[in-house]
Amino acid sequence: MTVSVRLPTVLRVQAGGQAVVELDGTTIGKVLTTLVDTFPGLKGQVISEDGTLNKFVNIYINDDDVRYLQQLDTPVSDGDEISILPAVAGGAH
């Protein structure tokens, strides 16, 4: 399965400046593992050292947040679009 992975501006430096990369995989976890294997500078920024999703990024597949699906075990289909977005934190002081 080939999917498109959209990278936020802050991660593009580690991916040679690319905004979108085409990768293969059958689940979100496999696609993200391939992403990190292809661009080692992304290690720890997408998937934590313990193998879970980094809490500082949100991963969407076709506009659905994978945290509310099957997380890294969420299946992907040919042509799906995965978006990696930095988590936004804030609040009133």
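Using the basic label-point model (7 angstrom from Cα toward the beta carbon), what is the A19 to D78 distance in nanometres?
2.7 nm
Report the relative contact order of the range 2-86, percent, no decimals, based on alpha-carbon pairs under 8 angstrom and at least 6 residues apart.
Answer for the range 2-86 is 39 percent.
Name the residue, out of E49, E81, E22, whose mean-square fluctuation peaks in a Gaussian network model built on the chain with Cα pairs under 10 Å.
E49
Which length gain, in nm to one decimal place, applies between L69 and T26 when the Cα-Cα distance is subtracted from 0.36 nm times their residue separation?
Residue separation times 0.36 nm, minus the Cα-Cα distance, leaves 14.0 nm.
State to the nearest 20 debye the size of the charge dipole of the chain about its Cα centre, where the only charges are +1 on K and R beta carbons and -1 on D and E beta carbons.
380 debye
Of G16, G41, G29, which is the most mobile in a GNM of the chain whose springs link Cα atoms less than 10 angstrom apart?
The residue that fluctuates most here is G16.
Every number here is computed from the coordinates shown, using simple stated rules; none is lab data. Just so it is clear, the model here is predicted, and its values are computed rather than measured. Counting neighbours? That spans all protein chains shown, and the Cβs are built from the backbone with ideal geometry, glycine included.
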